[in-house]
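Coordinate-derived values only; no laboratory data. This is a predicted model, so every value here is computed, not measured. As a convention, Cβ positions derive from the backbone with ideal geometry for all residues, glycine included, and neighbour counts pool all protein chains shown.
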Amino acid sequence: MGDLRLVELSAATIVAVNNMSLKPGQEQFLAPVSYGIAATVMNPQTTWQRVVVDGDEVVGFVSANFDPDAPQEHFRSVLWRINVDADDQGRGVGRFAVEGLMEEARRRGMDHLNVIYEAGEGGPEAFFRRVGFTPVGETEYGEVIAEVRL
């Protein structure tokens, strides 16, 4: 790993985030980046979005929501999206992003962090388990709800 840093999503980094590549088969598990970015406009008080940069190159993106008043508990502290550019996967960028997100959740007084994902071969489940998430339930659409205790 080089010099990884988390920086706020900005006009200077948004194009690079939108142009990150995926490995073959990953696109079926990921909504377009623009969906995640749109959440900031809809919920600016609760949305947390950061870009992972290595030196001055954008290598990842992480988006979360912190809403203690959300009607469903698993939406109160939730990792919405994590992307790591295909060429940078497997070198700790995703773990770095999740650790930064966990630190932010603790700073906000949260005692856990959830993630919701679609299970399937080639999907993100193995990554989420490696960084500490454990399945705890399922959405009405059959997606996995997993959490990590902070």
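Relative to the present Cα-Cα distance, how much length would full extension add between D3 and A126 at 0.36 nm per residue of separation?
Details: separation 123, 0.36 × 123 = 44.28 nm, distance 2.53 nm.
Taking 0.36 nm per residue and subtracting the Cα distance, the gain is 41.8 nm.
Can you give the FRET efficiency for A16 and E118, using 1/(1 + (r/R0)^6), R0 = 22 Å, r = Cβ-Cβ distance, to the nearest 0.05? Don't jump to the answer; show the numbers that get you there.
Details: r = 26 Å, r/R0 = 1.17.
That pair, A16 with E118, gives E of 0.30.
Quick check: residue separation of L150 and R108 times 0.36 nm, minus the Cα distance between them. What number comes out in nm?
Details: separation 42, 0.36 × 42 = 15.12 nm, distance 1.15 nm.
Extra length from L150 to R108 when fully extended: 14.0 nm.
Classify the stretch 38-110 as rounded, prolate or oblate, taking a ≥ b ≥ c as the square roots of the eigenvalues of its Cα gyration tensor: rounded when a/c is under 1.5, otherwise prolate if a/b is larger than b/c and oblate if not. Could the numbers behind the result be given before it?
Values: a/c = 2.35, a/b = 1.88, b/c = 1.25.
In terms of gyration-tensor shape, prolate.
Could you order peptides 94-103, 118-127 by the average number of other Cβ atoms within 10 Å of their residues, highest first? Write down the numbers at each step before the final one.
Numbers: 94-103: 19.7, 118-127: 14.0.
Highest to lowest by the protection proxy: 94-103, 118-127.
Could you order the peptides 106-116, 60-70 from most to least packed, using the average number of other C-beta atoms within 10 Å per residue?
Numbers: 106-116: 16.3, 60-70: 19.4.
For the peptides 106-116, 60-70, the packing ranking is 60-70, 106-116.
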